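Contents: one structure, followed by commentary.
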Amino acid sequence: MRTRLLAVVCGAALALGALAGCMSPNTGATDQQQANRTYMTQVNLAMEDLNERLTSFDDAVARGDAVTMRTQADNAFSAIDDLAAIDTPDAMKDLQQNYVDGCNTLKGALNDYVDLYTEISSATEEHPFDYSTYDERIKAVQDAYNQGIDQLKAADEEALKLNED
């Protein structure tokens, strides 16, 4: 999962570079161009922060530690909230919404994964986990995650298109 997010972060960095590269520092950028570049820089930083926090989540998953998974997922949610709080120029409002929508879809997938793993790890003989639903539930988590990644990719493509206009 994290590899795809890393690709999206790289895409955001590419979009940022493309937006920033259109205007050399020696020319007088308009206030709108500067606001757009500042916005894309903030988006890129938020996505990098999210990627780092998801690395910690992956580490918790590898250890099978449900409590730490929840903590690291909550840390990732903080990065998502930071992204949603970025001051967005009017020209970038739709783009911002696309980034936020993609991140919120990822947030839902992470929550569902932690909930599933918590149910499994807290199962007892008296209250066993119903493994007949596992494949369906993990597929739903993966599908939601993939949808979030697709939304972020679409936002990156939109950012590149905005640069071309």
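Miscellaneous remarks
- Normalised by the number of residues in region 64-165, the mean separation of alpha-carbon contacts (under 8 Å, six or more apart) gives a relative contact order of 38 percent.
- Net lengthening on full extension, Lys93/Leu160 (0.36 nm per residue, minus Cα-Cα): 22.6 nm
- Partner lysines for Lys93 [C-alpha distance under 17 Å; skip if fewer than 8 residues away on the same chain]: Lys153, Lys161
- For a paramagnetic label modelled on Ser56 (point 7 Å from Cα along Cα→Cβ), amide N atoms under 16 Å away belong, within region 83-126, to 83.
- Using the Cβ-Cβ distance between Asp143 and Ala85 with R0 set to 35 Å, the FRET efficiency works out to roughly 0.80.
All of the numbers you see were taken from the coordinates with simple rules; none came from a lab. Just so it is clear, the model here is predicted, and its values are computed rather than measured. Here Cβ is always computed from backbone atoms with ideal geometry, including for glycine, and neighbour counts include all displayed protein chains.
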